[in-house]
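The values are calculated or read from the model by the stated rules, or taken from the named source; none is laboratory data. These numbers come from a predicted model, not from an experiment. Here the Cβ positions follow ideal geometry from the backbone for every residue, glycine too, while neighbour counts run over all protein chains shown.
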Amino acid sequence: MPPAEPTRPPRTPPPRPLRRITSACLLAALCLALAAGAASAEDRSAPAILQYFESTYATIEHRAPDVFMAGYGAVYTPPPGRAD
């Protein structure tokens, strides 16, 4: 007859305070990871350039505040010899 295999005692769950601490640590780590991900999602691209052709320089000058408020970073205008 073969020898009997030793039996292991049933595994018991950790005590309640340890589970709460573990859950709180995991929740804190998750919150920090989400906050760090949201903070690094900045738009680092260059601002758009508006090609402002088919208009006079007076109109371009008059509409400059609108162009600024629309978020353009630069205006590409026609050569001076070809405008107006």
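Observations, loosely collected:
- Among the residues of the range 66-84, none is identified as over 28 Å from Ser45 (Cβ atoms) and modelled with pLDDT of 75 or more.
- Beta carbons closer than 6 Å, at least 6 apart along the sequence or on distinct chains, pair a first residue in the range 64-84 that is of a type in the set (A, V, I, L, M) with a second that is surrounded by 11 or more Cβ atoms within 10 Å (Cβ to Cβ) and at pLDDT 80 or above for Val67/Leu50; Ala74/Ile49; Val75/Leu50; Val75/Tyr52; Ala83/Tyr57.
- Residue within the range 42-50 that is in contact with a strand residue (DSSP E or B) (Cβ under 6 Å, 6 or more places away or on another chain) and at pLDDT 85 or above present: yes
- Residue match in the range 3-19 (condition: exposed (fewer than 10 other Cβ atoms within 10 Å of the Cβ), among the β-branched types (Val, Ile, Thr) and either assigned to a helix (DSSP H, G or I) or modelled with pLDDT of 75 or more (or both)): yes
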